[in-house]
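The values are calculated or read from the model by the stated rules, or taken from the named source; none is laboratory data. Keep in mind the model is a prediction, meaning the values are calculated, not measured. Here the Cβ is made from the backbone with ideal geometry for all residues, glycine too, and neighbour counts use every protein chain on show.
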Amino acid sequence: MDTVRLDSTLTNPFVVTPALVLDFENIAHTYRRFENAFRSASARGVIYYAMKANANQDVIDLLAAQGSGFEIASSPELDKALAAGARGDQIICSNPVKTPSFLRRMQQVGVYGVVADSADEIEKIAHAAPGMNVYFRLAVDNTGSVLPLAGKFGVDAELALELFDLARARGLNPIGLSFHVGSQCLNAQNWVNAIRACGEVWYAAEARGHHLNFLDIGGGFPAGHYHTADIPTIEGIADAVMEALDAYIPVRSDLLFVLEPGRGMVGESGRLLATVEGKAIRRTAEGYQTWLYLDVGVFNGLMETFEGFPPVVQALDAEDRPLMTYTIAGPSCDSCDVVARGVQLPEVNIGDRLVFWDTGAYTNEYAAAFNGFPIPQVIVVGSEAVEVEPLEMLA
Ligand SMILES: Cc1ncc(COP(=O)(O)O)c(C=O)c1O
């Protein structure tokens, strides 16, 4: 981390807030750490950055220049990967639900493979992108992840095997398996258990005549090492993962072993700089609470705090002041726009600045068209001027 330049940016009073300050040296360094850590005599991890974490084009360009591939979820994300110079085979799509037009485009540009986790999705892929490489997402244990992703996606072993057969019957090319242990996964054993589960399906699929050569261990790599020492490191997770690969996945010279880090790649590169715009003391049943109202909240950058992700926040230039307990809220008029409660900070006043750590991932993304999916168009009725944009789904 380039602390000198980072600190001088954060303390520069001319920087207009809210500002997301990204340290590109940190991202490049983290990319190299992933590359070096996930390497053994028998396998080498190939990185497909999950651009949903931070799809700023400069971030995409930087990672493309490092040699990264990209995991995408939508056509706008595909555009960004291509604009950065990624080849089709450096792109995969692990979003289990895709539109036909997106599938057609991915096939046209030679995207390496797409995920499926239902019979309906396989039928859709077979129709829109005949012969495409497909891999199947297994549902795995997300316990120990700060933001579990379980439930919405993934199949059990039995269904995965049925999907292999169905995909082959529909003329697709079933290549392997993927999973996601949940975001900010604090338990390296989850990857080990998930790889073991993949190994069981792998052998069973091969017994049914399939040839597998693709294993995608998803994202989930945690951020926060600058302030919390016991968070598993990239290297610690890699040791456990590489050992599990050797133990549970058949040795394969053509194995494509994929990582899809999002938060773990960019999270620690970011500091979100905010200004205290208001302050109030409120009387509650429990006593008095002091509220700070910032120029950033859950609707314009700190959505993850609303999902239960605890923010790490620091007051700038206030170390020598007495410690106080605050409720920190965003600027909107919505009462759910509360970022954190019971936070201890040195006393701060209107005009002071706060910094949120590890905000390189899922910050600006959540405030815009997340994953590249557009916000609803507005259709005005009851007026002469009704204009309807053609929908992508119907194209
Ligand atoms: C399919 C897929 N891959 C990768 C990621 C990135 O996960 P993380 O940011 O936890 O690394 C996500 C996040 O939701 C995802 O859905």
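Do you know which residues across the stretch 242-283 are of a type in the set (G, A, S), in contact with a strand residue (DSSP E or B) (Cβ under 6 Å, 6 or more places away or on another chain) and within 16 Å of the ligand (Cβ to nearest atom)? The answer is G262, S269, G270. Exactly one residue among A150, A157, A128 is in contact (Cβ under 8 Å) with a residue 12 or more places away in the chain, surrounded by fewer than 20 Cβ atoms within 10 Å (Cβ to Cβ), within 12 Å of the ligand (Cβ to nearest atom) and not polar (S, T, N, Q), and that residue is A150.
The set of residues from the stretch 327-354 being crowded, with 21+ Cβ neighbours inside 10 Å and β-branched (V, I, T) comprises I328, V339, V348. Those residues that are of a type in the set (D, E, K, R) and closer than 19 Å to W191 by Cβ, I need them from the stretch 119-156; list them, please. The answer is R137, D141, D156. The condition (being touching a residue at least 24 places away in the same chain (Cβ under 8 Å) and buried (at least 21 other Cβ atoms within 10 Å of the Cβ)) is satisfied by just one residue among L78, L82: L78.
Among the residues of the stretch 241-257, those that are in a helix (DSSP H, G or I) and of a type outside the set (F, W, Y) comprise V241, M242, E243, A244, L245, D246, A247. Considering only the stretch 267-285, I want to know if a residue exists there that is in contact (Cβ under 8 Å) with a residue 60 or more places away in the chain and part of a loop (DSSP other than H, G, I, E, B). Among the residues of the stretch 267-285, not one is in contact (Cβ under 8 Å) with a residue 60 or more places away in the chain and part of a loop (DSSP other than H, G, I, E, B), which makes the answer no. Within the stretch 247-271, restricting attention to residues that are among the charged types (D, E, K, R) and under 28 Å from I91 (Cβ atoms), the residue that is surrounded by the most Cβ atoms within 10 Å (Cβ to Cβ) is R263. Listed by first and then second residue, the pairs with beta-carbon distance under 8 Å, at least 6 apart or on different chains, first residue in the stretch 179-191 and within 13 Å of P222 (Cα to Cα) and aromatic (F, W, Y), second outside any strand (DSSP E or B) and within 8 Å of the ligand (Cβ to nearest atom), are W191/G220.
Residues checked against (1) touching a helix residue (DSSP H, G or I) at 6+ places or on another chain (Cβ under 7 Å); (2) within 13 Å of the ligand (Cβ to nearest atom); (3) modelled with pLDDT under 95:
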| site | (1), (2), (3) |
| --- | --- |
| I27 | yes, no, no |
| I72 | yes, yes, no |
| D89 | no, no, no |
| K98 | no, yes, no |
| V111 | yes, no, no |
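Every listed requirement among (1) outside any loop (DSSP other than H, G, I, E, B); (2) within 16 Å of the ligand (Cβ to nearest atom); (3) touching a Gly at 6+ places or on another chain (Cβ under 7 Å) is met by G360 save one, (1). Within the stretch 201-240, the only residue that satisfies the criterion of being assigned to a strand (DSSP E or B) and aromatic (F, W, Y) is F214. All conditions but one from (1) in contact with a Lys or Arg (Cβ under 9 Å, 6 or more places away or on another chain); (2) not in a loop (DSSP other than H, G, I, E, B) apply to I175; the one that does not is (1).
Restrict the check to the stretch 29-52 and report whether at least one residue is basic (K, R), within 16 Å of the ligand (Cβ to nearest atom), buried (at least 16 other Cβ atoms within 10 Å of the Cβ) and farther than 23 Å from P222 by Cα. No, that holds for no residue.
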